[in-house]
Structures are given as structure tokens and as C-alpha cells.
Amino acid sequence: MIAKQPRPKKCKNPACGMSFPPRRLGQAVCSPACGLAIKDVNQDKAKKAIAQRVRRELKVRKEKLKSRADYIREAQIEFNTYIRLRDKDEPCICCGSYGPGEDWLTGGKWDAGHFLGRGAYPELRFDEDNCHKQLKSCNGGSGKYAAKGRTVAQGYRERLIQKIGQERVDRLEGPHEARRYTIEELKGIKALYRAKAKQLKEAA
């Protein structure tokens, strides 16, 4: 009985590509010369695969070490980025200024400033009505562009009513149930506002 001949294969060396009958299982090239030619390519692929696996494992380990505060911080970063993009063409919610001469500030001159603070009102930290683009100087309490005799908080409230209406401001100032976000909820908030920010960037 005549032994069945192996099916011809195409040499994996891009510079060759010739068809050849493999002599052994898993043979990828037609000759030792072609094997040497792609040796470095295969080594690079192996190194990249190992590096990717190490990065995945490191990411998993980091996730396990994260505290709830870490998840809150990450979600807050994405939320704040979205707020600044949403309000990018608007002036400061407190003073109505665009902050001339403040571009030198570290991290830029704009914050995502909360009307009711995150410390006293943690349940409103991710409420879009409660957060608007604000000059760092106003968010820090100086109110350098505020009208004489008017505090930053007063300016914020007055302009917030103009922007979203009295009814929505009343809702913010009304009673709220205490809220303790779970880690899964915080992951969801982070993903949501990253996606919303991406949409605004793509639409710009």
C-alpha cells in the first residue's frame, strides 16, 4: 500500500512563500535557510505574547489591591472629564468669566466644580445637575472675578438657577437618601462617563 503523501504547505517565510511537502509535523518553512530568516520574527512574537500576559496578570493583581476609595477616585476622574467637555464653551458657573490670564495654572484653569460639596453630599457627587465647569480660582474659594460683596457660593447658585431652573436647584437642595456606591456601581459609572466623554470628543 502506497503511503499517503502530506499535503503541500506554503512556506511561512514572507520572502519565500513557496509550496513544499512537509517532512515532519508542524514544519512551517521549506528549508533551514527560511527557518533562520524568520527566527527573529518568531522570537519577537513570543516576547510580545509574554509581555501581554504579564500586563494582564499585573492588571488583575492591581484590581485585587484596589480599595473602594480607589474606585471612587477613578469614577470621579471620568465624571469630571465629561463635565468639562460638556461645558467647554461655557464660562465659569460662579462668576461668568473665562478666566483671562489663568492659563498658566497647573492642570489648566478649569475644574469640574460641585454646587453641593462631595464631602457633605456624597450622594450628589455623580449628579450632573450638581457639577459644572468652574475656574480653579473660584473652586478654591477666592472668587477673584465675583461681584463685590458676593460669595462664590452665591454666584454659583444664582447662575445655576439661570442655567437649569429653580425646580432642579430645589431638588439638589432638598433631602436625599444616603448613598453608598458599591464597587460594581463605581465601575459602571466610570465606564458610562468615559463613553459619554468619548462621544463628545468625537462630535466636536
Can you say whether Ala49 is modelled with pLDDT under 95, farther than 30 Å from Ile161 by Cα, among the aliphatic types (A, V, I, L, M) and in a loop (DSSP other than H, G, I, E, B), as far as the supplied structure shows? no
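Do you know which residues across region 59-85 are of a type in the set (Val, Ile, Thr) and in contact with a strand residue (DSSP E or B) (Cβ under 7 Å, 6 or more places away or on another chain)?
Of everything in region 59-85, just one residue is of a type in the set (Val, Ile, Thr) and in contact with a strand residue (DSSP E or B) (Cβ under 7 Å, 6 or more places away or on another chain), namely Ile83.
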Out of the residues in region 150-204 meeting the condition of being of a type in the set (Val, Ile, Thr) and part of a helix (DSSP H, G or I), tell me which one is surrounded by the most Cβ atoms within 10 Å (Cβ to Cβ). Val152
Breaking point among (1) within 25 Å of Asp170 (Cβ to Cβ); (2) in a loop (DSSP other than H, G, I, E, B); (3) among the basic types (Lys, Arg), for Lys133: (2)
Any pair with Cβ under 9 angstrom, 6 or more apart, that starts in region 53-74 at a residue that is part of a helix (DSSP H, G or I) and ends at one that is at pLDDT 90 or above and of a type in the set (Phe, Trp, Tyr): Arg68/Tyr181; Tyr71/Tyr181; Ile72/Tyr181
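Can you find even one residue in region 82-95 that is among the basic types (Lys, Arg), surrounded by fewer than 17 Cβ atoms within 10 Å (Cβ to Cβ) and under 30 Å from Ile164 (Cβ atoms)?
Yes, some residue in region 82-95 is among the basic types (Lys, Arg), surrounded by fewer than 17 Cβ atoms within 10 Å (Cβ to Cβ) and under 30 Å from Ile164 (Cβ atoms).
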Among the numbered criteria (1) modelled with pLDDT of 85 or more; (2) crowded, with 20+ Cβ neighbours inside 10 Å; (3) in a loop (DSSP other than H, G, I, E, B), which single criterion is violated by Ala146? (1)
Of the residues in region 169-190 that are in contact (Cβ under 8 Å) with a residue 60 or more places away in the chain and more than 29 Å from Gly155 (Cβ to Cβ), the one that is farthest from the chain's Cα centre (by Cα) is Tyr181
May I ask you to say which residue of Ala69, Ala75, Ala28 is more than 30 Å from Pro122 (Cβ to Cβ) and of a type in the set (Gly, Ala, Ser)? Ala28
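The values are calculated or read from the model by the stated rules, or taken from the named source; none is laboratory data. Please read these numbers as outputs of a predicted model, since none were measured by experiment. Positions of Cβ are generated from backbone atoms using ideal geometry, with glycine treated the same way; all protein chains shown enter the neighbour counts.
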